[in-house]
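To start, the structure under review is shown below, and the notes come after it.
The values are calculated or read from the model by the stated rules, or taken from the named source; none is laboratory data. If you're wondering where the values come from, they're calculated on a predicted model, not measured in any experiment. No Cβ is skipped: glycine too gets one built from the backbone with ideal geometry, and neighbour counts run over all protein chains shown.
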Amino acid sequence: MGGKHLFVLVHGLWGNYKHMNSIRDVFSETLHGSDDILFFSPRQNGYFKTFDGIEIIGYRTLLEICQYMNRFEKGEITKISFVGYSMGGLISRFIIGKIFTECHELFQNIEPQLFITFATPHLGVHFFLRDNHAGHQRAALKLLSALGTTILGRTGRQLFIQDSLPEKSVLVRLSSGDYLEGLARFKHRICVANVKNDRSVAFYTSFITDCDPFMDTGNRIKYEFEHNLPGENLKMVPRIINMDKLDPDASRPPREGFQVLRWILVLLICCALVFILPLFFVANVLGTCYSYLATINYQRMLHKGEGGVLLRRKLGLRDKIADTLRDTVGVLASDQEESLDADSGEPMVKENISWEDFINKYNCSWGSNSKTKFKALNFDVQRNSIYQNLDKLSWIRIPIYIKSLNAHDGIVARKGLKGTTPYSISGLQFVAQLVDFLISQ
């Protein structure tokens, strides 16, 4: 009998470990040989602690993982996979850059298997302005950028790549050196990206691409779904976009009466924001101040390159690699409707193609003739460097439509399986069956 396979589930900004429960439940129900599969959701970085910055959050999470693994006999855990949701994918990439260096005694005989992200801003957060954006929309996006880099603490500045000199920005460093080498050691990398109604993480950054056909067209483009998909006993047909068939000249017809409903919704939201926004702003400011005060000593150690020393001291590991230590110094505004008229809601999937065929198609970077029909995003030097480095690796990229007002929640059924839509459940089931196929090979 082989050893155990550990799945580490990492939540995102303003989150907590419970946000990963639906992923754990669906994966646990789907994966064969579940007796040899372990699920671990770190708990020490909830809510305001997610403002502390990727390095501090990453080290705290890594410490939890190491302490959890120390409960088992040496050699009992033989494989490891990471599942990151939103910012949790970036935290996981930080950890991956450390496990085979600063914690090599624990991980040197453990085989990296899968790295999976759901709606993760791999390329950071940036509000790209379209030519047809009105003046008030441009002003709102600039305001959101300013707020994001201030009231979200160190984490906010890091996500917007405003945390340091360009070459020393955390996200830039995560795409090179030990971090990229560690990521390359995993057998498979999967990124699942929302195409609509994700106002925290835009499609391009979670799909790892320099072109966003949904942003480019104001998300009025006609969706072309994959009809031939593998999988069985799913809640419904997952709405996976066939990127090769997207056409910028093909748009969805506007729904009758939608403009009136849209303005009513906007007015209701504005009324609610009058009361909610001040409370949210004060809470975030207080959380940011607390984060700075609570982590000032850790920041000093990180600037001195002593993060690994502290980690190893807490784990009781001898420091054999001091000379290898490196310095360790989401909102997408949109005006989109929440449904598709052409969505039929089929109850289950017929297995028309094999998993191998699906993987071969979606394991390639989106570079077909379809992509050339859309404008390339105007990346700055840092963002382009991150994209080029990550794009060197092979990814199974899954563009998915979750029919929900808040697809960022829905992509992982954050509020639980009982309170979510069939779109969310079928998406998780599909990814779980893909994972089951990959680990069985």
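Structure summary
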| quantity | calculated |
| --- | --- |
| Residue count, region 39-83 (criterion: of a type outside the set (Gly, Ala, Ser), out of contact with any His (no Cβ under 7 Å at 6 or more places or on another chain) and within 18 Å of GLU111 (Cα to Cα)) | 17 |
| Spans of helices (runs of 4 or more DSSP H) in region 381-441 with at least 2 residues surrounded by fewer than 20 Cβ atoms within 10 Å (Cβ to Cβ) | 381-390, 422-440 |
| Subset of region 9-50 (residues that are touching a helix residue (DSSP H, G or I) at 6+ places or on another chain (Cβ under 6 Å) and among the aliphatic types (A, V, I, L, M)) | LEU9, VAL10, LEU13, VAL26, LEU31 |
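Listed here are the residues, each with its yes/no results for (1) modelled with pLDDT of 95 or more; (2) of a type outside the set (Gly, Ala, Ser); (3) part of a helix (DSSP H, G or I); (4) buried (at least 22 other Cβ atoms within 10 Å of the Cβ).
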residue	(1), (2), (3), (4)
VAL83	yes, yes, no, yes
ILE91	yes, yes, yes, yes
LEU106	no, yes, yes, no
PRO112	yes, yes, no, no
PHE115	yes, yes, no, yes
PRO121	yes, yes, no, yes
ASP131	no, yes, no, no
